[in-house]
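The values are calculated or read from the model by the stated rules, or taken from the named source; none is laboratory data. From a predicted model like this one, the values you see are computed outputs, not experimental measurements. No Cβ is skipped: glycine too gets one built from the backbone with ideal geometry, and neighbour counts run over all protein chains shown.
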2 protein chains.
Amino acid sequence: MKEKELINIIKNILNSEYIGDDCAYLKDLNIVVSQDSLVEGVHFSLSYTTAYQLGRKTVMVNISDICASGAKPKYLTISLSIPDYIDEKFVEEFYKGAKDACGDVKIVGGDITGSDKLYISATAIGSTIGRKISSRSNAKIGYKIIVSGEHGNSAKGLEILSGKLKVESEKLNNFQFSTFNFQQDISLLPDNIKLSTSKFLQSHLMPVARTDFSRQISQNCTQDYAMTDTSDGLEDALMQIAKASNVRLKIDTSKIPHDAYVDMDTVLFGGEDYELVAVVPKDLHIDGATEIGEVVDGDTGLEIDEEFYTDIDDKLFNHFKR
Amino acid sequence: MKEKELINIIKNILNSEYIGDDCAYLKDLNIVVSQDSLVEGVHFSLSYTTAYQLGRKTVMVNISDICASGAKPKYLTISLSIPDYIDEKFVEEFYKGAKDACGDVKIVGGDITGSDKLYISATAIGSTIGRKISSRSNAKIGYKIIVSGEHGNSAKGLEILSGKLKVESEKLNNFQFSTFNFQQDISLLPDNIKLSTSKFLQSHLMPVARTDFSRQISQNCTQDYAMTDTSDGLEDALMQIAKASNVRLKIDTSKIPHDAYVDMDTVLFGGEDYELVAVVPKDLHIDGATEIGEVVDGDTGLEIDEEFYTDIDDKLFNHFKR
């Protein structure tokens, strides 16, 4: 699976101006649209996620794409392909979670088919009326780089859930995360890590789309700006903007909001936080935003703590790998 | 898998006015939207369909839903989940087929993920501007029932492809459809069935959405009307309209267009023709339409050749089963 190569093949065949952002902006209809799929065994495991959580996450992942465009999330369709071991109760709980995540957004359709694994594909539609729509190619020299929320929490949550978290004894008072069973053992956690652990798990299982951060920017920014979500990690989001805009993004990692228990490689490379990264004019004030850098003159790529990187390369990855 | 029961559970949770037609009509955005999935081993087999054909069919199946609403098909997103045995060439051919099926419709997004079987989910968006949008609940006493094209061809095609077609010796000059290999043997067919066979296979592998039939109705009908496509078969389409509108549809099977080699149970119950059924005022003239009946006074259901049926029941199915 080489997703990005396949997308290039598809782009060449379709010769489409629409592919490249989190959403396609359909100007004649005043809408944006985005479709995202979640596949059992690839994106989630039923061994650690409930039907309710999965319904919530399906909705949030798709609303997050709409938020990345700056549009107002309005409608969703959801297709479920369900194997024999999924019963009616599961479908009911899934849709309860989906509905609870929706807020003002309405689920208006989709279909149900059989399959051999659980496969979920949702499409979200947003209204662009009264909003300025982002593009990854809009970052300009002199703009600041801002982010919502903390980074790396979801990846840390997945490490706990999948039992892969290494013991970080000096930080965690010798608590063994690697043998931790969240359902049974949460009350046994030392107080100083209980909060972080809950946050990590919540972030992975029940992420929240940043509708307010998005709305503030798209209603108040009068100039072109770039925005994307961190579904594939913060570094990937930044590199996508740098390449699409042909600019150099200068990042100060000490400014990136993250939990004390999350190391910098997870902050940069951990996926599925569904936070937003925006590159906007310096004078735009956004509540809840943290400035982590700026767009500077120079070759296209990322300047992270004064080291320069041109693409998602081993050099960058290895530098921050613990 | 009881698709219709699950849809009822979902309807109850969502309490949604949008679910019930081929598309959801989003009036505030002047669009309709529909999502449909195709799952390997459930909806198609790679043993008899090519990547190109599958790309075409994915697009047509989704455009057909938009046509059923009367809206103008405009945009599509496609999500592919692909297993290891699907290579780049397959994805390329799939998108070539998809693009060729599009006409004026544009593919504007989607995603690609891994999976263990090939899953395809597409979403179609149509514009409602200048069109009157259908609802299955709009059939009224005195209206006529019209259909596009022939019925049962796709199911016959699937019978040939899956080797399940029984020999109908007196009709087919003793030709053995059951051992027929389309790729190798088409030229060996007797002339009198060659045309039908090609048509059956084409209808199943490369159906064509009825955009013109749909456009004529939605641009010219000034009153409310009902329309749906025959993705789940002609009888199912008629029953859906009868139940949603609380009316009795009187059908004369001798008027239903079908190939001479297709028996009446396949005409009524065979799926995937993607023809349209509309229930419209008597004075509306539509090119290419065949009138097969009318809406009459009486209990809700179908009156087929003067026998009355209240739902998709064994009585109806057995009556026409050869």
Specify the residue that is farthest from B:ALA122 (Cα to Cα); the eligible residues are those in the range B:1-11 that are in a helix (DSSP H, G or I) and within 7 Å of chain A (Cβ to nearest Cβ). B:ILE9
Against the condition touching a Leu at 6+ places or on another chain (Cβ under 9 Å), outside the structural domain of A:TYR48 (by TED's automatic domain parsing), surrounded by fewer than 24 Cβ atoms within 10 Å (Cβ to Cβ) and assigned to a helix (DSSP H, G or I), how does A:LEU238 come out, does it pass? no
Would it be correct to say that A:ASP273 is free of Cβ contacts under 8 Å to residues at least 24 places away in the same chain and outside the structural domain of A:THR58 (by TED's automatic domain parsing)? no
Taking the condition crowded, with 24+ Cβ neighbours inside 10 Å, closer than 23 Å to A:ASP229 by Cβ and either without any contact (Cβ under 8 Å) to a residue 60 or more places away in the chain or within 7 Å of another protein chain (Cβ to nearest Cβ) (or both), does A:TYR75 pass? yes
Pair list, Cβ < 8 Å and 6+ apart or interchain, from the range A:188-201 residues that are touching a residue at least 40 places away in the same chain (Cβ under 8 Å) to residues that are of a type in the set (Phe, Trp, Tyr) and in a helix (DSSP H, G or I): A:LEU201/A:PHE182
Looking at A:LEU276, is it crowded, with 18+ Cβ neighbours inside 10 Å and within 16 Å of the chain's Cα centre (by Cα)? yes
Take A:SER178 and decide whether it is farther than 20 Å from A:GLN53 by Cβ, modelled with pLDDT under 90, of a type outside the set (Phe, Trp, Tyr) and outside the structural domain of A:ASP65 (by TED's automatic domain parsing). yes
Can you find even one residue in the range A:63-78 that is at pLDDT below 95, part of a loop (DSSP other than H, G, I, E, B) and not aromatic (Phe, Trp, Tyr)? no
Quickly run through the range A:85-102 and pick out the residues that are more than 7 Å from every other protein chain (Cβ to nearest Cβ) and either without any contact (Cβ under 8 Å) to a residue 40 or more places away in the chain or among the hydroxyl-bearing types (Ser, Thr, Tyr) (or both). A:TYR85, A:ILE86, A:ASP87, A:LYS89, A:PHE90
The condition of being at the interface with chain B (Cβ under 9 Å from one of its Cβ atoms) and under 23 Å from B:VAL32 (Cβ atoms) holds, among A:LEU14, A:LEU38, only for A:LEU14
Determine, yes or no, whether A:ILE82 is within 9 Å of chain B (Cβ to nearest Cβ) and touching a residue at least 12 places away in the same chain (Cβ under 8 Å). yes
If you go through A:VAL59, A:VAL105, A:VAL39, the only one that is closer than 20 Å to A:GLY271 by Cα and in contact with a strand residue (DSSP E or B) (Cβ under 6 Å, 6 or more places away or on another chain) is A:VAL39
From (1) at pLDDT below 95; (2) closer than 25 Å to A:THR211 by Cβ, pick out the condition that doesn't hold for A:TYR261. (2)
Given the residues B:GLY55, B:GLY126, which is the only one that is in a strand (DSSP E or B) and touching a helix residue (DSSP H, G or I) at 6+ places or on another chain (Cβ under 6 Å)? B:GLY126
Output the residues belonging to the range B:262-299 that are of a type in the set (S, T, N, Q) and out of contact with any helix residue (DSSP H, G or I) (no Cβ under 6 Å at 6 or more places or on another chain). B:THR290
Quick test for you: out of B:ALA24, B:ALA68, pick the one residue that is buried (at least 24 other Cβ atoms within 10 Å of the Cβ), closer than 21 Å to B:MET227 by Cβ and within 11 Å of chain A (Cβ to nearest Cβ). B:ALA24
So B:PRO281 passes all but one of these: (1) in contact with a His (Cβ under 8 Å, 6 or more places away or on another chain); (2) under 23 Å from B:VAL296 (Cβ atoms); (3) surrounded by fewer than 24 Cβ atoms within 10 Å (Cβ to Cβ). Which condition number does it fail? (1)
Suppose we filter the range B:93-122 for residues that are crowded, with 23+ Cβ neighbours inside 10 Å, assigned to a strand (DSSP E or B) and in contact with a helix residue (DSSP H, G or I) (Cβ under 7 Å, 6 or more places away or on another chain); how many remain? 3
Out of the residues in the range A:41-52 that are aliphatic (A, V, I, L, M) and in a loop (DSSP other than H, G, I, E, B), state the one that is farthest from the other protein chains (Cβ to nearest Cβ). A:LEU46
